[in-house]
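Each value in this text was obtained by applying a stated rule to the coordinates, not by laboratory testing. Because the structure is predicted, anything quoted here is derived from the model rather than measured. Cβ sites come from the backbone with ideal geometry, for glycine too, and all protein chains shown count toward neighbours.
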Amino acid sequence: MPDRPQVQITCAHSLTIGKLCELFEKQGFGVNIGPTSNGHQDKIDVHILVGDLLSQREIAVLQCSADHATAIEIGQQLGLSPGTVRRYLDSVRKKIGVPTTVQAVVWALRHGLIG
């Protein structure tokens, strides 16, 4: 496995596995399928590389947000307008399905995308 953050999903049916892989790949995720860690032959683990979900710029904006920077401060630091910073944060929240930037930062911390 690549040395990137990942989410692991275990499914028992090959039809479900195929549909999940198709769905995640359409969304731009890297998907790697392998045997389950507990050795069950009737299940397959699908590893979704979380780092593929967000762009490097989105991750940089999240890191600045984690450091309690405002949109103006993030823009100055990254060479972006405050409006562009807000659009990046909106995009991140939509991609990961959370309503607030604080929740997006917590999500990114939990998945090892920011420190």
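Things worth noting here:
- Complete set of residues in segment 100-113 that are part of a loop (DSSP other than H, G, I, E, B) and within 17 Å of A71 (Cβ to Cβ): T100
- Scanning segment 59-81 for residues that are assigned to a helix (DSSP H, G or I) and more than 21 Å from V98 (Cβ to Cβ) returns I72, E73, G75, Q76, Q77, L78.
- Count of segment 52-65 residues which are small (G, A, S) and surrounded by fewer than 18 Cβ atoms within 10 Å (Cβ to Cβ): 2
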